[in-house]
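**Student:** To start, I am sharing the structure in question, which I have written as structure tokens.
The values are calculated or read from the model by the stated rules, or taken from the named source; none is laboratory data. If you're wondering where the values come from, they're calculated on a predicted model, not measured in any experiment. Virtual Cβ from ideal backbone geometry, glycine too; neighbours counted across all protein chains shown. To get the accessible areas, we keep the full protein, side chains included, count just its heavy atoms, and leave off ligands, DNA and RNA. Shrake-Rupley method; radii C 1.70, N 1.55, O 1.52, S 1.80 Å.
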Amino acid sequence: MDIIILGIESSCDDTSAAIIRNGFVLSNRVANQDIHKEYGGVVPELASRAHQLNIVPVVDRAIRQSGISVKDINAVAFTRGPGLMGALLVGTSFAKGFALARQIPIIDVNHLHAHILSLFLRTEDEKEPVPDFPFLCLLVSGGHSQIMIVNDYLDAKIIGKTIDDAAGEAFDKCAKVMGLPYPGGPLIDEYAASGNPAAFEFSKPKIPGLDYSFSGLKTSFLYFLRDELKGNPNFIEERKSDLCASIQKSIINILLDKLVIASEEIKIKTIAVAGGVSANSGLREAILEAGKRRDWKVFIPQPKYSTDNAAMIAITGYYKYLKREFGNMADVPFARIKV
Ligand code: KG4
Ligand code: ZN
């Protein structure tokens, strides 16, 4: 019998719905919210309102595109957290309402767990290889940066994490001080393509073990710009590509250094990267390059599955469904990760 899961993602500023059949993607629709651009960051209340407007049409499109019938859906998987509380509430409430109407189970999904399982997303026609267990996963998103050992679909352990900002935040904050709109990560990626990554050097954190820190880099970038602007008010405009290439290189080096140590310490050479920052072309190239030198098997999600999407929620729901790990109607969202 086919197992068909509807996935719902609404943790931040993307409203997304997807249909997965037997672990393969049938559809994955994402509605981005442009409204936040002019505010320089996501405004939680505006995000919730936009999710409310988007969720029904997005689910409708995902179901239509998949070609399945609503009555064939076996369960609804939804992002329970971490994320913005008001935004999560929209997806959670929708999932509960849908499940109640269809008399099917709900499956609560941890957004970070889902980013890891984005590595397994493909359609029935796509032959992309998927990682074998155990593997190390560098999980880099807007709110988290961590290294994990992934032992199975539903079994992952954090072995290193950021003690302050996440890598995505470092990208976004550095972009902001250069006057770029939110989210700055993709724009830094774009400008970096024509810049010199060796043009400027920024301070490197000295954090023991496998943990990360990005707040020092951001401060060093800010002070550097402040000093340069005193001598040349057009410094940012004139050197934007070099600045973007150099800051991107610094972030990538910090991420890779710890990943290399982790691989050597844990003796795992199957290496994956996931989360929004894994869409960064410099990071993708650098990991593939490091992998060649170190004989790693490297796995990176397709760019459309790097950033937030519901297909990753649905596939996590699928593996939880196989283990009968269902949620219940009393489940409430959680904004922060429980430790
Ligand atoms: O995983 P994600 O879509 O949302 C969260 O769960 O946080 O990650 C969003 C983060 C943002 O900080 C965004 O700037 C960053 O991923 N990002 C990128 C790129 N695409 C998205 N950072 C650098 N280069 C990119 N191409
Ligand atoms: Zn995410």
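**Student:** About the Cα centre of the chain, how large is the charge dipole given +1 on each Lys and Arg Cβ and -1 on each Asp and Glu Cβ? Please answer in debye to the nearest 20.
**Tutor:** With Lys and Arg at +1 and Asp and Glu at -1, about 500 debye.
**Student:** Using only Cα atoms, find the angle between the long axis of helix 85-102 and the longest principal axis of the chain, and express it within 0 to 90 degrees, rounded to the nearest 10.
**Tutor:** 20 degrees
**Student:** Find which of SER281, ALA175, ILE271 sits farthest along the positive direction of the dipole of segment 135-300, computed with +1 on the beta-carbon of Lys and Arg, -1 on that of Asp and Glu, about the Cα centre.
**Tutor:** Highest projection toward the positive end goes to ILE271.
**Student:** What is the percent carbon and sulfur in the accessible area of segment 135-300, measuring with a 1.4 Å probe over the protein chains and ignoring ligands?
**Tutor:** In segment 135-300, the share of accessible area belonging to carbon and sulfur is 52 percent.
**Student:** Can you compute the radius of gyration and Dmax for the chain, using only the Cα atoms, both in Å?
**Tutor:** Every Cα atom of the chain included, Rg and Dmax give 20.2, 70 Å.
**Student:** Considering the options PRO134, PRO44, LEU322, tell which one lies farthest towards the positive end of the dipole of the chain, charges being +1 on Lys and Arg and -1 on Asp and Glu at the Cβ, about the Cα centre.
**Tutor:** Highest projection toward the positive end goes to LEU322.
**Student:** Compute the FRET efficiency between GLU237 and ALA199 as 1/(1 + (r/R0)^6), taking r as their Cβ-Cβ distance and R0 = 22 Å, and round to the nearest 0.05.
**Tutor:** It comes out at approximately 0.90.
**Student:** Roughly how tilted is helix 311-322, in degrees to the nearest 10 and between 0 and 90, from the longest Cα axis of the chain?
**Tutor:** 50 degrees
**Student:** May I pose another question? If I stretch the segment between ASP257 and ARG226 completely, what's the gain in nm (0.36 nm per residue apart, minus their alpha carbon distance), one decimal?
**Tutor:** 8.3 nm
**Student:** Shifting gears a bit: Between segment 49-93 and segment 247-318, how far is it from one alpha carbon centroid to the other, in angstrom?
**Tutor:** The two parts, judged by their Cα centres, are 28 Å apart.
**Student:** Which lysines, if any, have their Cα less than 22 Å from the Cα of LYS320, not counting same-chain residues under 8 positions apart?
**Tutor:** Straight-distance partners of LYS320: LYS71, LYS96, LYS157, LYS338.
**Student:** Just the accessible area per residue of segment 56-133, please: how many Å² with a 1.4 Å probe?
**Tutor:** So segment 56-133 comes to 41 Å² accessible per residue, rounded to a whole number.
**Student:** Arranged from highest to lowest average of other beta-carbon atoms within 10 Å per residue, in what order do the peptides 74-80, 41-47, 210-216 appear?
**Tutor:** 74-80, 210-216, 41-47
**Student:** Can you work out ³J(HN,Hα) from phi for every residue in segment 250-261, in order, using Karplus 6.51 cos²θ - 1.76 cosθ + 1.60 and θ = phi - 60°, giving whole Hz and x for Gly and Pro?
**Tutor:** Computed from phi, the couplings for segment 250-261 are 4, 4, 4, 4, 4, 4, 6, 3, 6, 5, 5, 4 Hz.
**Student:** How would you classify segment 188-229 from its alpha-carbon gyration tensor, with a ≥ b ≥ c the square roots of the eigenvalues: rounded for a/c under 1.5, else prolate if a/b is greater than b/c, otherwise oblate?
**Tutor:** oblate
**Student:** Using only Cα atoms, find the angle between the long axis of helix 215-231 and the longest principal axis of the chain, and express it within 0 to 90 degrees, rounded to the nearest 10.
**Tutor:** The helix 215-231 is inclined about 50 degrees to the chain.
**Student:** Treating the beta-carbon of each Lys and Arg as +1 and of each Asp and Glu as -1, no other charges, what is the dipole magnitude of segment 135-300 about its Cα centre, to the nearest 20 debye?
**Tutor:** With Lys and Arg at +1 and Asp and Glu at -1, about 240 debye.
**Student:** Then there's this: Take every DSSP beta bridge whose two residues both sit in the chain, then give the antiparallel share in percent to the nearest 5.
**Tutor:** 60 percent
**Student:** For ASP132, put the label point 7 Å out on the Cα→Cβ axis and report which residues of segment 241-270 keep their amide N under 12 Å from it.
**Tutor:** 269-270, by backbone N distance to the label point.
**Student:** For segment 135-300, report the accessible area per residue in Å² (1.4 Å probe, heavy atoms, rounded to an integer).
**Tutor:** 45 Å²
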